[in-house]
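Asker: One structure follows; several queries about it will come next.
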Amino acid sequence: MTTYSRKMQAIFHRAQLEAERFGSPFLETWHVLLAMVEVPGSVAYLTFTDFEDRIRAEEIETAAVLAMEKSPKDLSESDIIDLRAQSHALEAMLQEAEGIASVTGAVEVGSEHVLMAFLLHKDLMVCRLLEVAGFQYKDDSDKPRIIDLRRSLERYAGLSKQDLKAIHDLRKPKKSKASGNFANMMQPPQSSTGELADYTKDLTAVAESGNLDPVIGRDEEISRMIQVLSRKTKNNPVLVGEAGVGKTALALGLAQRIASGEVPFELADMRILELDMMSVVAGTRFRGDFEERMNQIIDEIEADGKIILFIDELHTIIGSGSGIDSTLD
C-alpha cells in the first residue's frame, strides 16, 4: 500500500474540497494542483512560491475557471459531502509518482513526486492550466517557463543528477524479454520504425552502447540546441557552418546527453535518428518517387512522436525531387 507524506495527505484532503467546489464527479489531477498552491509547507507549495511575484496562486484557479467554464462554490472543508473516487488520469499519475519516489530512495510519496509526475506529461490538464496561468513552454517571452518550475522543484526536492537519471530510466519503455519457444524464435524481428530502419541510424542507441567518443567544448551549442528543441513552436534548430567545424558532433553530443539523462524531461525519452539522404534518394528516378518516400518517413516520425530527425548536409535535399521527366523540386 502506498504511503503518502502528511503534507501530501493534507493536499488530497484539500483537493476533495476543490472537487466539491467545482461540482466534479471525480477527483482530478487539476484539483490536486489547486490544492498544492493552497496547502503551505509542502515542497510543491515552496516551488510555486519562487514564482509568486509573477504568477499568483489565484491565477491558477482563474485558469481552472476558464477551462471548466464554471465558477467554484464558496465552501469550507466542513461542506465536503462525500469523497470522490480518483479519475483514471490521477490514478496513473499517482502510480508514476510512486515509481519516482521509489527510484529516488524516498520512503513515502510526497508532493514533490506527484508534481514531478504531473510536469512530465505536457498534455495533462495540469500543464494546460499552468500555461493559461502564465507558465510557458517556449523561451521567447519574459514569462517563467515550465522547465524553470521543474528545475525549482528539483532543487527543493534535493534531486541529484543520479536521481534525475533514475527517473529518466524509469520512463523508458520496457523491452519485453523474448520467449524461448521455437515459434517465437522463428518470427522475424519487429521494428518499431518500419521504413525508417532502412533510411536512418539511431544515434541514441549508439550513444547508449558507449560507442561514441565524448564531444568536448560544445556545451554552449548543445545547450542552445536543447533550448530550441524544448520550445512548443519554432523548435527546429538548423546547424550552419563550414565543413569540418563539428556540426554533426553536436547531434552526437545531444544523443549522448539523452542517453545519460542530462536533458529536460520533454526530451528524456526522445530518440535521434540520422537520415541517410543518399539512401532516400537512391532509386527515385521518376516523378513522385522521392516525395512518396519522404512522406512515408514523415508519417512514421509523426506516428511515433518520440523522434528527433537529424538531416546531415540538409542542402542535399534541394533538387532531390526532380526526375528525368520532371522539373519538380
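The values are calculated or read from the model by the stated rules, or taken from the named source; none is laboratory data. As the structure is a prediction and not an experimental result, all values here were calculated from the model. Note: ideal-geometry Cβ built from the backbone for every residue, glycine included; neighbour counts use all protein chains shown.
Asker: Considering (1) farther than 19 Å from Ser152 by Cα; (2) surrounded by 19 or more Cβ atoms within 10 Å (Cβ to Cβ); (3) in contact with a Phe, Trp or Tyr (Cβ under 6 Å, 6 or more places away or on another chain), say which one Val43 fails and leave the rest.
Answerer: Status for Val43: all satisfied but (1).
Asker: Give the residues of region 300-319 that are modelled with pLDDT under 85 and over 19 Å from the mean Cα position of the chain (by Cα), sorted by residue number.
Answerer: Asp312, Glu313, Leu314, His315, Thr316, Ile317, Ile318, Gly319
Asker: Quickly run through region 270-299 and pick out the residues that are modelled with pLDDT under 80 and not in a helix (DSSP H, G or I).
Answerer: Ala282, Gly283, Thr284, Arg285, Phe286, Arg287, Gly288 - these are the residues of region 270-299 that are modelled with pLDDT under 80 and not in a helix (DSSP H, G or I).
Asker: Do the conditions hold for Glu266, that is, is it in a helix (DSSP H, G or I) and farther than 26 Å from Ser152 by Cα?
Answerer: On the way: in a helix (DSSP H, G or I): yes; farther than 26 Å from Ser152 by Cα: no.
When the stated conditions are applied, Glu266 does not pass them.
Asker: Quick one: which residue in Met68, Met36, Met8 is closer than 22 Å to His121 by Cβ, surrounded by fewer than 23 Cβ atoms within 10 Å (Cβ to Cβ) and aliphatic (A, V, I, L, M)?
Answerer: On the way: Met36 fails: surrounded by fewer than 23 Cβ atoms within 10 Å (Cβ to Cβ); Met8 fails: surrounded by fewer than 23 Cβ atoms within 10 Å (Cβ to Cβ).
Testing whether each residue is closer than 22 Å to His121 by Cβ, surrounded by fewer than 23 Cβ atoms within 10 Å (Cβ to Cβ) and aliphatic (A, V, I, L, M) leaves just Met68.
Asker: Please state which of the following conditions Asp82 fails to meet, knowing it meets all the rest: (1) assigned to a helix (DSSP H, G or I); (2) at pLDDT below 85.
Answerer: Result: Asp82 passes all but (1).
Asker: Right, Val65: over 22 Å from Met116 (Cα atoms) and among the β-branched types (Val, Ile, Thr) or not?
Answerer: Values: over 22 Å from Met116 (Cα atoms): yes; among the β-branched types (Val, Ile, Thr): yes.
Yes; evaluated as a whole, the condition is true for this residue.
Asker: Can we say Val109 is β-branched (Val, Ile, Thr) and at pLDDT 95 or above?
Answerer: Numbers: β-branched (Val, Ile, Thr): yes; at pLDDT 95 or above: yes.
Yes.
Asker: In addition: So which of Glu38, Glu59, Glu112 is under 21 Å from Leu267 (Cα atoms), in contact with a helix residue (DSSP H, G or I) (Cβ under 6 Å, 6 or more places away or on another chain), of a type in the set (Asp, Glu) and in contact (Cβ under 8 Å) with a residue 24 or more places away in the chain?
Answerer: Numbers: Glu38 fails: under 21 Å from Leu267 (Cα atoms); Glu59 fails: under 21 Å from Leu267 (Cα atoms).
Glu112 is the lone residue from the list that is under 21 Å from Leu267 (Cα atoms), in contact with a helix residue (DSSP H, G or I) (Cβ under 6 Å, 6 or more places away or on another chain), of a type in the set (Asp, Glu) and in contact (Cβ under 8 Å) with a residue 24 or more places away in the chain.
Asker: When you look at Gly110, is it at positive phi, surrounded by 14 or more Cβ atoms within 10 Å (Cβ to Cβ) and among the small types (Gly, Ala, Ser), yes or no?
Answerer: On the way: at positive phi: no; surrounded by 14 or more Cβ atoms within 10 Å (Cβ to Cβ): yes; among the small types (Gly, Ala, Ser): yes.
Criteria not met by Gly110.
Asker: Which residues, taken from region 141-159, are farther than 13 Å from Leu119 by Cβ and either small (Gly, Ala, Ser) or not assigned by TED's automatic domain parsing to the domain that holds Val126 (or both)?
Answerer: Ser141, Gly158 - these are the residues of region 141-159 that are farther than 13 Å from Leu119 by Cβ and either small (Gly, Ala, Ser) or not assigned by TED's automatic domain parsing to the domain that holds Val126 (or both).
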